[in-house]
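Student: Questions regarding the structure given below will be posed in turn.
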Amino acid sequence: MAKVKSRPTPGGGLLRILWRTPIFAVPFALFFALLESGFKHLGTFYILSLIFAYANAFAAFGVGMFLDVRHTREKARVGAATGRTALVGEILMFMAAAIIASALAAVIIHFTLIPSFLSDPHSIVVMIVFSLIFCALFLGVSYAMHFYGEALARARSEEELNLARRIQRSFLLSAFPQRSGLEVHALNVSSKQCSGDFYDVVPAGDGAVLLCIADVSGKGVPAALLSSMLQASLRTQAPLLQPVGAMISNVNGMLCQGVGNGQFATMFLARIDESTMKLQYVNAGHNPPVLVRADGSRLLLEAGGPMVGSFEGVAFEQAEVALAPGDRLVMYTDGVSEAMNASMEMYGDDRVGDLAASLPRGESAAQTIDSILGALRGFLAGEEPQDDMTLMVVKVLGTGAPGAGAAPALVAVPASLPAPTPSVP
């Protein structure tokens, strides 16, 4: 990962002015000497340029410190000036400071080195013209360096985002376990940013499979790393055949006690036993997956509790649903439901559910994902999604157990439920 440079201190900024300004004064001295009388008075013009350069450098430093303080105060304010208007205002402030500093430098020269520097109107006009030229040149150099620094910062930020995307891709499945009674497929569509979406499909004992989809708070490398931690935790617990409520409780305890930086995650965790075609699940603050029955009816899987990492010791509800051939389970993250078109209208959970129920029964799990993403792109009409979009679809192929379609039974699973688990990574 690229090393992030620390913010310069005021003392460090002043030291840089002291050693850089004599270097910056050289091209200005050459310019004025060549423009005025050749190089025979180059030394004099260098001294004059050095005084002007120091005056402008300290003025620019003072304005920069003021703007840094103002930006810090405005970060939490709603409606603070941003974009082009703010940039124009800052440029005007630098220009005013440069003009005042140049006038002060001229007065210093007049009363110390060259008493005739401001002795007549012609000299004053010449000084003003030269001051404006100097201001323009100095501002040009200053802003060139400023934008160069911003370009380096953007490059470092982009490198960090690329690293986070690679981390995400490294733990997202591209090949899914083949099951006799289930067809599973999932897909993550990355936005320009990088979030903590992840999904996983893990064998969990004979004839059972563990399904998970989650969204970690925040973006970038921290979110991607926490996603990998959650996935490692689930894979460690999967062979122990615990109830999914206990697994979620373990994850919640890990985040509340071990992470300690305020991160949390929404998560939907389910286990499907193919011998009985029963789905056991917990929804921890996640978008409710929609179970579309073979007859077209729908059931939202909402039972669970709050987001993991938000409250220590909370109890999660665990529910069980009977599956039948032709049923289709659609899981997704909020990057799908909260995607906005040009009219600032969100796609919404209802559209996802309506679309899932309207799709042909013969579509495969992968085709269902393609259909949902196609409809979403049509809704966005060219607008870029602002968050990762993650989808997982499970299509039931096997023989359903009796009682398919019955309402889920809710069982409270306390967070303190004892379970023979090793330490969770």
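Student: How long is the gain from Glu383 to His122 if the chain were fully straight, where each residue apart is worth 0.36 nm and the alpha carbon distance is subtracted?
Tutor: Gain in length upon complete extension: 88.0 nm.
Student: What whole-number value in cubic angstrom gives the convex hull volume per residue for the C-alpha atoms of segment 252-313?
Tutor: Per-residue hull volume (Cα only) is 88 Å³.
Student: Run the quick spin-label model on Leu104 and Leu163: label points 7 Å from Cα toward the beta carbon, then report their separation in nm to one decimal.
Tutor: Modelled inter-label distance: 4.2 nm.
Student: Further, regarding this structure: Let me cross-check Thr112: its accessible surface, 1.4 Å probe, with only protein heavy atoms counted, in Å² to the nearest 10?
Tutor: Probe radius 1.4 Å; accessible area of Thr112 about 90 Å².
Student: Rounded to whole Å and sorted largest first, list the principal axis extents of the Cα atoms in segment 182-247.
Tutor: 40, 25, 15
Student: I've got another one for you. Heavy atoms of the protein only, probe of 1.4 Å, neighbouring chains included. What is the accessible area of Glu158 in Å², nearest 10?
Tutor: 80
Student: What distance in nm lies between label points placed 7 Å from Cα along the C-beta direction at Thr44 and Ala342?
Tutor: The modelled label-to-label distance comes out at 6.4 nm.
The values are calculated or read from the model by the stated rules, or taken from the named source; none is laboratory data. Fair warning: this is a prediction, and the values are worked out from it, not measured in the lab. Methodologically, a virtual Cβ is constructed for each residue, glycine included, from the backbone with ideal geometry; neighbour enumeration extends over all protein chains shown. These accessible areas exclude ligands, DNA and RNA; they are computed on the full protein's heavy atoms, side chains included. Shrake-Rupley method; radii C 1.70, N 1.55, O 1.52, S 1.80 Å.
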